[in-house]
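Inspection log for the structure reproduced underneath, given as C-alpha cells.
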Amino acid sequence: MNDTFMKERPVFPLILSMALPMVISMLVNSLYNIVDSFFVAKISEDAMTALSLVFPVQNFANAIAIGFGIGISSLIAICLGAGNRETAGKAATHGLILAALHGVILTVGCILIMPGFLALFTSDTNVISLGIHYSTIVFLFATVNTINLAYEKIFQGIGKMKVTMAGLMVGCVSNIILDPLLIFGIGPFPALGIEGAAIATGLGQVFNLLFYLIVYKIRPLQITISWKYLHPDRALAAKLYSVGIPGALNLALPSVLVSALNGLLASCSPIYVVILGIYYKLQTFLYLPASGIVQGMRPVIGYNYGAGEHKRVKKIYYVTLCMSGVIMLIGTIICLTVPGQLMGMFTTNPSTIQAGKTALRIICAGFLVSSVSVTACGALEGLGKGTASLVVSLCRYLLLILPAAFILCRIFGAVGVWHAFWIAEALTAGISFLISKKSIGI
C-alpha cells in the first residue's frame with residue numbers, strides 16, 4: 001500500500017476498509033469487558049461492587065489517554081497529507097513522551113485518591129479494601145496503558161487500522177485467558193482473587209504494547225520515532241493538546257450526563273434509573289459501529305485536509321454522515337418495533353419493561369439526527385479543531401440536554417427526561433451543521 005492511498009482510493013470503500021477493523025476492535029473490547037466482569041462477579045458480590053466503584057476513575061484515566069492519542073493521530077495525519085514526514089515523526093515522538101508523563105501522573109494521582117473516592121460511595125470496609133487492592137495494581141500499569149494507547153493512535157494516524165485491531169485483540173484475548181487462571185488459581189497459578197483480575201488487566205496492556213513495539217521494529221513506518229526529535233517544542237505540544245484536551249473531555253462528558261440524569265430520575269422512581277442504565281447498554285451497541293466509522297474517517301479526513309484536497313474533505317464528511325445515518329436509522333426501526341424484547345434482555349420486571357418501552361420509543365426519535373453531531377465531532381477532531389468538537393459535545397451532553405431534562409422532568413416526570421434526549425439531539429445537530437459549515441465548508 002503506497003503512502004498516498006488516503007487521497008487516491010475511492011472514498012466509500014476507503015472509509016469502509018478503515019472503519020471495519022475499528023468496529024471489530026470495539027466489539028472485541030466490549031466482549032472483554034463483559035467476560036472480565038463475569039469472572040470478577042464469581043469472586044463475590046463485594047468484589048463486583050468494588051470493580052463498579054473503581055470503574056469511573058479507570059474510565060477517566062482512559063479518557064485522558066485516548067483523548068490525547070486522538071490529538072497525536074490527528075496531527076500525524078495532517079502532516080503526512082501535507083508531505084511533512086519529519087513533523088509527523090516529531091509529533092509521534094513528543095506524543096509518546098508526553099503520554100508516558102501522563103501515565104506517571106495518573107499512577108500517583110489515582111492511587112492517592114482511591115481510598116477517599118471509594119469512601120464517598122460505601123462504608124463497607126471489605127468493599128473499600130477490595131477496591132484499593134484492585135485499583136492500586138491497575139493504576140501501577142497506567143504508564144504502560146498511556147504509551148500503549150499512544151502507539152495505537154500513531155498507527156491509526158498513518159492508516160494502519162488492521163495493526164491496531166490485531167493489537168487490541170492480543171491485549172483482550174490474553175486478559176480473558178489470564179483472568180480465570182489468576183483469579184481462581186488454575187494450574188501452577190496462585191489464586192489471587194480480585195488482585196488476579198487487576199494483574200490480568202495490566203498484563204493484557206503489556207502484551208498489547210509489546211505487539212506494537214514488535215510491529216514497529218519489523219515493519220518500519222513512513223514516520224520515524226527518534227530521540228533526535230526530543231528537543232522542547234512548545235508549538236508542537238500546543239497542537240497536540242489543542243485536540244487532546246477536548247478529546248479527553250468529549251469522552252468523559254457522557255459519564256457526567258448519566259450521573260446527573262440518575263439524580264433526576266431517582267426522584268421519580270428507582271425503576272427509571274434502571275431503565276436509563278439499560279438504555280445506555282443498548283445504545284453502546286448502536287453507537288459502536290457509528291464510532292468505528294468515525295474513527296476510520298479521522299485519519300482520512302485529516303490527511304486530505306493536510307494535502308489541500310478540500311473537495312475530497314467535503315465528500316469524506318458526507319459519505320461518513322450517510323454511513324452513520326444508515327446505522328442510526330436501523331437502530332430507530334429496531335427500537336420502535338421491538339422495544340419490549342430489548343428491555344426484556346436485561347429485566348423481567350413487567351413494570352420496568354413497560355416503562356422502558358415508552359422510553360426507547362421516545363429516545364430513538366433523536367437517533368437519526370444524532371448522526372450529524374457524531375460525524376461533526378469526529379471530522380473536527382480529524383482536522384485538528386478540538387475546541388469546535390468540544391463545543392458540539394458540550395451542547396449534546398450538558399448545555400442543552402440537562403436544562404431540558406430538568407425542566408421537562410418537573411412538568412412531565414420521567415417521560416420529560418426521555419423527551420429531552422431527542423430535543424437536545426435536534427438542537428445539537430443544527431449547531432453542529434453551522435460549526436461544520438464554518439470549519440469544513442460543507
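The values are calculated or read from the model by the stated rules, or taken from the named source; none is laboratory data. Predicted model only: the values in this text are computed from it and were never measured. Here the Cβ is made from the backbone with ideal geometry for all residues, glycine too, and neighbour counts use every protein chain on show. What goes into the accessible areas is simple: the full protein's heavy atoms, side chains included, and nothing from ligands, DNA or RNA. Shrake-Rupley method; radii C 1.70, N 1.55, O 1.52, S 1.80 Å.
In table form, for the structure just shown:
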quantity: Gained length - ILE218 relative to SER259, 0.36 nm times residue gap less alpha-carbon distance; calculated: 10.2 nm
quantity: The stretch 304-419 shape via C-alpha gyration tensor axes, a/c threshold 1.5; calculated: oblate
quantity: Reachable aspartates and glutamates from LYS42, criterion Cα separation under 16 angstrom, eight or more residues apart if same chain; calculated: ASP179, GLU195
quantity: Helix runs (DSSP H) in the chain reaching 30 Å along axis by Cα, Kyte-Doolittle at least 0.5; calculated: 11-43, 45-81, 85-119, 161-184, 194-218, 234-266, 270-306, 310-337, 414-439
quantity: Cα shape, the stretch 169-266, gyration tensor, a/c 1.5 rule; calculated: oblate
quantity: Distant alpha-carbon pairs in the chain (separation over 38 angstrom), percent; calculated: 23
quantity: Alpha-carbon centroids, the stretch 362-425 and the stretch 198-250: separation in whole Å; calculated: 31
quantity: FRET E, pair ALA100, THR387, Förster distance 25 Å, beta-carbon r, rounded to 0.05; calculated: 0.45
quantity: 1.4 Å probe accessible area per residue over the chain, in Å²; calculated: 43
quantity: Spin-label model distance (nm) - SER17 vs ARG234, 7 Å beyond Cα toward Cβ; calculated: 4.3
quantity: Furthest towards positive pole of dipole, ASN62, ILE278, PHE433, structure part the chain, Cβ charges; calculated: PHE433
quantity: Cys with no candidate disulfide partner in the chain (beta-carbon separation under 4.7 Å rule); calculated: CYS79, CYS110, CYS172, CYS268, CYS322, CYS377, CYS395, CYS409
quantity: Förster-model FRET efficiency, 30 Å R0, ILE333 and ASN29, C-beta, rounded to 0.05; calculated: 0.70
quantity: Difference of contour (0.36 nm per residue) and Cα-Cα distance, SER129 to PHE412; calculated: 97.6 nm
quantity: Per-q log10 I(q)/I(0), the stretch 7-158, q = 0.19 Å⁻¹ (Debye; single scatterer per alpha-carbon; no solvent); calculated: -1.14
quantity: Cα gyration tensor shape of the stretch 209-269, rounded if a/c is under 1.5, else prolate or oblate by comparing a/b with b/c; calculated: oblate
quantity: For the chain, size of Cβ-based charge dipole, Lys and Arg +1, Asp and Glu -1, in debye; calculated: 1480
quantity: Those residues of the stretch 55-97 whose amide nitrogen sits under 15 Å from the label point placed on SER226, 7 Å along Cα→Cβ; calculated: 84-94
quantity: Gained length - LYS438 relative to ASN349, 0.36 nm times residue gap less alpha-carbon distance; calculated: 27.2 nm
quantity: Alpha-carbon centroids, the stretch 19-36 and the stretch 133-152: separation in whole Å; calculated: 19
quantity: Debye log10 I(q)/I(0) at q = 0.11, 0.12, 0.22 Å⁻¹ for the stretch 243-383, Cα point scatterers; calculated: -0.49, -0.57, -1.29
quantity: Dipole magnitude of the stretch 1-106 about its Cα centre (Cβ charges: Lys, Arg +1; Asp, Glu -1), debye to nearest 20; calculated: 300
quantity: Förster radius 25 Å - calculated FRET efficiency between GLU45 and ILE113, Cβ distance, rounded to 0.05; calculated: 0.55
quantity: Accessible surface of PHE207 - all protein chains present, 1.4 Å probe, nearest 10 Å²; calculated: 80
quantity: Computed [θ] at 222 nm, helices only, for the chain once each DSSP H run of length n ≥ 4 contributes -39500 (n - 2.57); calculated: -29000 deg cm²/dmol
quantity: Rounded to the nearest 10 Å², the accessible area of ILE407 at probe 1.4 Å; calculated: 100
quantity: Gaussian network model of the chain, springs between alpha carbon atoms under 10 Å - residue of PRO339, PRO403, PRO188 with greatest fluctuation; calculated: PRO188
quantity: Listed pairs LYS90/LYS239; LYS7/LYS311; LYS162/LYS315 exceeding 18 Å between Cα atoms; calculated: LYS162/LYS315
